[in-house]
1. Quick one: what pairs do we get from segment B:112-130, first residue under 10 Å from A:Pro34 (Cβ atoms), second of a type in the set (S, T, N, Q) and modelled with pLDDT of 85 or more, C-beta under 6 Å, 6+ apart or different chains?
2. Looking at B:Val77, is it more than 13 Å from chain A (Cβ to nearest Cβ), under 30 Å from A:Leu27 (Cβ atoms) and in contact (Cβ under 8 Å) with a residue 60 or more places away in the chain?
3. Can you find, within segment A:17-46, the residue that is farthest from B:Arg99 (Cα to Cα) among those that are surrounded by 22 or more Cβ atoms within 10 Å (Cβ to Cβ) and more than 7 Å from chain B (Cβ to nearest Cβ)?
4. Yes or no: A:Glu192 without any contact (Cβ under 8 Å) to a residue 12 or more places away in the chain and of a type in the set (D, E, K, R)?
5. Looking at A:Trp162, A:Trp132, can you tell me which residue is touching a Phe, Trp or Tyr at 6+ places or on another chain (Cβ under 8 Å) and among the aromatic types (Phe, Trp, Tyr)?
6. Suppose we filter segment B:184-221 for residues that are in a helix (DSSP H, G or I), closer than 17 Å to B:Phe66 by Cα and among the hydrophobic types (A, V, I, L, M, F, W, C); how many remain?
7. From the set of residues in segment A:83-115 that are under 13 Å from the mean Cα position of the chain (by Cα) and β-branched (Val, Ile, Thr), which is nearest to the other protein chains (Cβ to nearest Cβ)?
8. Among the residues of segment A:52-64, are any surrounded by 15 or more Cβ atoms within 10 Å (Cβ to Cβ) and within 9 Å of chain B (Cβ to nearest Cβ)?
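The values are calculated or read from the model by the stated rules, or taken from the named source; none is laboratory data. None of these values were measured; they are calculated from a predicted model. Every residue, glycine as well, gets a Cβ built from its backbone with ideal geometry; the counts of neighbours run over all protein chains shown.
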Amino acid sequence: MPRSSNPANRKEGIAGYVFLSPWLLGLMGITAIPMLGSLVLSFTNYDLLSDWSELEWVGFDNYTRMFADDPHYLDAVGVTVIFALVAVPLKLAAALGVALLLNKERRGTGIFRGLFYLPSLLGGSVALALVWRAMWSKDGAVNAFLALFGIEGLNWINEPDWALETLVVLAIWQFGAPMVIFLAGLKQVPNELYEAAAVDGATKWRSFWHITLPGLSPVIFFNLVLETINGFQGFTSAYVVSGGTGGPVDSTLMYTLYLYQSGFTDYEMGYASAMAWVFLIAIALITATLFSTGKFWVHYGDGQ
Amino acid sequence: MRHFVRLLILLGLMALVLYPLLWMVSTSFKPDDEIVGSVSLWPGNATTAHYPAGWSSMDVGFGTFFWNSTVIAGLTVLANCASCLLAAYAFARLRFRGRGLYFAAMIGTLLLPGHVLIVPQYILFKAFDWIDTTAPLIVPKLLATEAFFIFLMVQFMRGIPRELDDAARIDGAGPYQVFLKIILPLSRPALVTSAIFSFIWTWNDFFTQLIYLNDLENITVPVALRNFLDSTGQTSLGPMFAMSVLSLLPVFAFFVAFQRMLVQGINTTGLKG
């Protein structure tokens, strides 16, 4: 393709920057410069209330404080990791299971698919988290249900051993979005493979294990990356169910909730910036790890 | 037989999934003494009293909160659609220096957790004196910071036949005319999908609205609902449920109207609900 001094190409080159200019401004002003700003702030004691003149350079103090002097921070890391490790696999398993049940087009499939998807649209809202809080409280519907079987339930949201589980259940409840992606992926697995396997006398289980799963692996990978990143960022449900505290005894103190508390209720913005950077690096490392393991178990058909 | 078992499992799961939603709606119509410890999905003595009670349960009526949410969501939809469409056209159709690098940067921001930027952005917007206004919620959207929608629109535009551009070029159209005459009208489906998701995400958003909006006159529905956490006692449960139901109605309406489109939008881009 001829380029360079051709006037039409030059016009196109200029037009490219014209159309891209809002995005470029955003990339600089809203993303890149604030990111660098937060890196600088993370080495200071900046708090929102004092004057800029009181700003002091504190070196790596914020970073060492996190890991050496702040038990709440370590609680938050633990809670977030456990939440992601438990909620993400269970949510994906639910999504895949239901997708397999809905794979064959039959009458009513569309209605099922739509209704299973509905919680994904509503579940991230404050309203639903308030409902969850009421549902799992001492006098909530869950305990009323257990009482039908003579079981006396706990005050789930006030039990350090159980509060996080209520958030896990809320996350699993929203399995509809990955389910829809699985359904799209299942359509891509070639039917001939199943037919050939059936001719060879393969059982349903074997063809699931040897055809469906490998064929679906790119979609599983995609969902895994997305849900893991989302899982680490859960804020609303933890905030609402714990009444903004992350309690009882830090059991629902998700990382982003603690970051919010540090920056916006304790006004320790230097410290919050340091937390944000550790978070960013952790997410980047986890994503990179997922991608590097992907080589071993993700199969792309047609040599893509 | 196997078909029957499958249907039974699906119906069971459906009941489990829909129960919290139905319980929420029915509880909003239950009198106070029925709310405590009830699994029932049918109010014994149905009452609508919680709705007016919830509507005026704070010093400012919920009408104001709904108006604020609507304004912010509406402006966000417009800002996202306009700014992301411009960026997407540049990425999908125009050749210019540095495009590959910028595209990689755009994909990078897709995976960037928003919480990382919240502290410095807050400081920036505070310096502009924008706290407690809609500006911190809208201006970033005008600058195409929602990379998801750029990605969605780029994917869509790549499906528009290039022959159409070429034909217009032969007729003497430049990059601007191609955008206005061809890409803009043909991108309508991608714009509609982006608009719907923009609306739903903004309507449900809590984190940024909580941080930037303080005054009771300025807050949105999710931030107002948050205030129910401070009021204790069983008598506030009914109004809380009533307002929760109302707050979800717009999203539910979008779901009913655009269900097929939402599901397709997810299929093509992997967008989260």
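1. Cβ pairs passing all conditions: B:Val119/A:Ser38; B:Val119/A:Ser273; B:Pro120/A:Ser38.
2. Working: more than 13 Å from chain A (Cβ to nearest Cβ): yes; under 30 Å from A:Leu27 (Cβ atoms): yes; in contact (Cβ under 8 Å) with a residue 60 or more places away in the chain: yes.
Considered against the rule, which asks whether it is more than 13 Å from chain A (Cβ to nearest Cβ), under 30 Å from A:Leu27 (Cβ atoms) and in contact (Cβ under 8 Å) with a residue 60 or more places away in the chain, B:Val77 comes out as yes.
3. The residue in question is A:Tyr46.
4. On the way: without any contact (Cβ under 8 Å) to a residue 12 or more places away in the chain: yes; of a type in the set (D, E, K, R): yes.
Here the answer is yes, as A:Glu192 does meet what is asked.
5. Details: A:Trp132 fails: touching a Phe, Trp or Tyr at 6+ places or on another chain (Cβ under 8 Å).
Just a single option satisfies the conditions, and that option is A:Trp162.
6. Final tally of qualifying residues: 6.
7. Selected residue: A:Val88.
8. No.
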